[in-house]
Amino acid sequence: MSAAAPRARRSAWLRAGGNGRLALALLLLALAVWPPHVQLQRPVFAWQVSFDITQSMNVEDVELDGAATSRLELARAAMRDVLTALPCGSKVGWSVFADYRSLVILAPIEVCSHYEELLASLERIDARMRWANASNVGKGVTWAVRGARSIGAHTGFVFISDGQEAPPLRANETPPMSDITPGEVQGWLIGVGGDVPVPIPKTGSDGRSAGYWKAEDVVQGSAIGGLDNHEHLSQLRQDHLQSLAKLVGVNYGRLNTPDALKTAMLDRRFARSQATDADLRWIPAVLALLLLAWRFAPDIKAGRVPKAPRSRT
């Protein structure tokens, strides 16, 4: 037998193996384009997030990326980060707070399939949506509890506010909550704002600036925490928010960086296991890429790059 015969058989075997790898790579690419329906158990969350949109939330006494920004803008930026971090199957909805109510404007929807809609609607939440200048935070919190409770048993709530009551509360005044059992709805009260009292921007219904609130423009009184006669100034009323959190049986956290909200809303204590659709297309795509590299690597190494077939004229 000549020496050429084994070489011929080896060459034929290599071609057959290479064609097999090419065929398998094409099959894997087809799976990447038309993936099978796969569901996996994973932790998911359901949140109804309420933003305080009263005028004190326009105070620029917090930072975002090293620059001063408003409390409401920091809250929205933090929420954008949360949307990208929540696992598919999780649901988020929006509420806004002004006067004494936390009003649901979007019930929770799935974050992956509705990401663009959630992001677009989040950007539209601002002070122009408020319907009154009052800020009865305690009542707003209880309305947030009721709103989440009405949506479903597994829905928690997040209420983001600086905690400033306007008009100020009387001594030992608490919101009516005879229909609320503390702890029946899980969630977070998130405080945002600085520790130093600063002027509150005054804005019209169109969002345009009209200077700052003055002492004679607002009801003065003994504010929460013993801070007297500067209701025209604003700071984070953390003690008040902590008291409200204890009253309704939820957690309190402070929003000083965007990561703080992400940590709170992705806390595994609030997750439940659910079968959700899993996007595994990357697996066959990566395998196909490896097979193609294996198939053509010997030719490329030897300088025999496959040429496209010539078209007949």
Checklist outcome for this item: Nearest-0.05 FRET efficiency for Ile283 and Glu117 at R0 = 30 Å, using Cβ-Cβ distance, is 0.60
Checklist entry - Of the listed peptides 245-252, 285-292, what is their order by residue-averaged count of other C-beta atoms within 10 Å, with the highest listed first? => result 245-252, 285-292
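What FRET efficiency do you get for Asp206 and Thr84 if R0 is 30 Å and r is their Cβ-Cβ distance, rounded to the nearest 0.05? Kindly include the intermediate steps, with their values, before the conclusion.
On the way: r = 32 Å, r/R0 = 1.06.
Working from the Cβ atoms, E equals 0.40.
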Checklist entry - Once you put a point 7 Å from the Cα of Phe296 and another 7 Å from the Cα of Thr69, both along the Cβ direction, what distance in nm separates them? => result 4.4
Checklist entry - Taking only C-alpha pairs under 8 Å that are 6+ residues apart, what is the relative contact order of region 41-275 in percent? => result 26
Next on the checklist: Please state the shape class of region 108-155: rounded when a/c is under 1.5, otherwise prolate if a/b exceeds b/c and oblate if not, all from the C-alpha gyration tensor.
Outcome noted: oblate
Checklist outcome for this item: Once Gln242 and Leu24 are pulled to full extension, the length gained, defined as 0.36 nm per residue separation minus their Cα-Cα distance, is 72.5 nm
Checklist entry - Roughly what % of DSSP beta bridges within region 41-275 run antiparallel, to the nearest 5? => result 50
Item to check | Spatially close lysines, pair count over region 41-275: Cα under 24 Å, gap of eight or more or interchain | outcome: 5
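With r as the distance between the Cβ atoms of Ile109 and His154 and R0 = 22 Å, compute the FRET efficiency 1/(1 + (r/R0)^6) and round to 0.05.
Numbers: r = 14 Å, r/R0 = 0.66.
Taking R0 as 22 Å, the efficiency between His154 and Ile109 is 0.95.
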Item to check | Alpha carbon centroid spacing (whole Å) that separates region 158-180 from region 255-276 | outcome: 25
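No value in this document is a laboratory result; all are computed from the given coordinates. Keep in mind that what you see is a predicted model, and the values were worked out from it rather than measured. Every residue, glycine among them, receives a Cβ derived from its backbone with ideal geometry; neighbour counts consider all protein chains shown.
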